[in-house]
1. Share of region 64-243's accessible area from carbon and sulfur, percent, 1.4 Å?
2. Let me check I've understood the local charge: for LYS143, count other residues with C-beta under 11 angstrom from its C-beta, Lys and Arg +1, Asp and Glu -1. What total comes out?
3. Kindly report the accessible area of region 162-202 per residue (heavy atoms of protein chains, probe 1.4 Å, no ligands, DNA or RNA), in Å².
4. So what J values fall out for region 249-260 if you push phi through Karplus, 6.51 cos²θ - 1.76 cosθ + 1.60 with θ = phi - 60°, rounded to Hz, Gly and Pro as x?
5. For region 64-243, give the magnitude of the charge dipole about the Cα centre (Cβ charges: +1 Lys/Arg, -1 Asp/Glu; no others), in debye to the nearest 20.
6. At 25 °C and 0.890 mPa s, what whole-number value in µm²/s does Stokes-Einstein give for the translational diffusion of region 89-141, with Rh from the Kirkwood sum over Cα pairs?
7. In whole Å, what is the distance between the alpha-carbon centres of region 132-156 and region 340-380?
8. Cα-based Rg of region 64-243 per 2.2 N^0.38 Å, rounded to two decimals?
Amino acid sequence: MSDAVQKNILKKLLMRTQNRSRLWAALAALCIGTTLLLLSVMIWWNFRELLYGKNQNDTLGSTFLIIGKRVTEQNMGMAGATVFTPQDIENVKHAPQVEDLGIISSNHFPVYAMMGGKLAFATDLALESVPDKFIDKMPAEWKWTPGSKDLPIIISSQFLDIYNYVFAPSQGLPQLSEGSVKSIVLNFKAGRDEQSETFLAHVVGFSDRIGSVLAPQAFIDYGNKKWGKPGLTDAPSQVILKTKDPSDAGFAAYLKQHDYNTNPENLRWSKIRAIVSVVTSATGVLALLLMGIGALVFVLFIELTIARAQNAMTLLLQIGYGPRFLGRFMIRRFLPLVLGSVVLSMMVTVICQVVVASLVVSQGLALPVLPGWPVWLALVISTGILALLVSGSVNGAIKKQ
């Protein structure tokens, strides 16, 4: 007897059932549950990629926050009232949700910026520096050594927006692209009187995270040491924090308790991210419930099918078919149905990821075209659990017979 004929006979003897509606209902619940589970993991991973990945973008409310001591009627004008002492910095490092802290250094020496031509202007300028790891878009030219007359600077993206959409139209000046701004050379006169030096400053990048003009730390240190006023404290008035979740209630309470202020827009976006996390968690729980119900109905369908084939199974055992052989045969009949529903769920998830990745491009963001590794891991784990459940229910039902 050929294998095909043998399989056909076994199928007719063992797979007889009059009600397949339970089967399709179970498979539909499994498919929907698996799809929701994968989509919830996909949404969580996409938000994580936007916030912490290589294509990190602060427009969603970065976990990097700049904080300072609030200026009040009581401390206004008091020397050193709004600077961070070493003890303050140490305390902030151990605050809830804080992962890292960077000192924001400012120039304690005069800097005068000048430019000629149609865009001619001259103004006093305040410079700041932060540790390189806190710069969101690190340019390759970001370095300066004493003796060099070339000074790279990074300006806030908001500065360019204000110029293009507010100042330039009101003054009849041309609007500028980022590339054209980078080609402009500014004259920086730093220091006092005969000790002053002139530098050729050029914009090498734009920051969405820090709303000021940044210079390399080496230049700020050099200028403060050479031209800084004697006795002027080096204590920072602002620090930049990397936090796990700035919307955390403990972190918000810490800021309020110590009267620290920050950009409330960042905290607002963080609350939105917290809501998204709750929604994805709730979707995941719902997905697990649907998968559990579907798996339960599927197991009941398997047991019912085997119970109805009791007489045929007894006969097959008597003529020499072993329980293991019959178990493997039944598993090969049911397992492809489960795998088919899982594959369909993954196809839906991949399509959703492709659509989302194409949509966020218009917002200046970037996401992988294919789902991230946590989605694939969730797929493997859920498939493995379902496969074990099917094989266990088949072998258990056969043993009962």
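The values are calculated or read from the model by the stated rules, or taken from the named source; none is laboratory data. Everything numeric here is computed off the predicted structure, so don't read it as measured data. With ideal geometry, Cβ positions are generated from the backbone for all residues, glycine too; neighbour counts draw on all protein chains shown. The accessibility values were calculated without ligands, DNA or RNA, using every heavy atom of the protein model including side chains. Shrake-Rupley method; radii C 1.70, N 1.55, O 1.52, S 1.80 Å.
1. Roughly 54 percent of what the probe reaches on region 64-243 is carbon or sulfur.
2. Overall, the nearby charge balance is -3.
3. In whole numbers, region 162-202 has 63 Å² accessible per residue.
4. 4, x, 5, 4, 5, 5, 4, 5, 4, 9, 6, 8
5. Dipole magnitude for region 64-243 comes out near 180 debye.
6. My calculation gives 169 µm²/s for D.
7. Each part reduced to its Cα centre gives a spacing of 37 Å.
8. Compactness ratio reported: 1.10.
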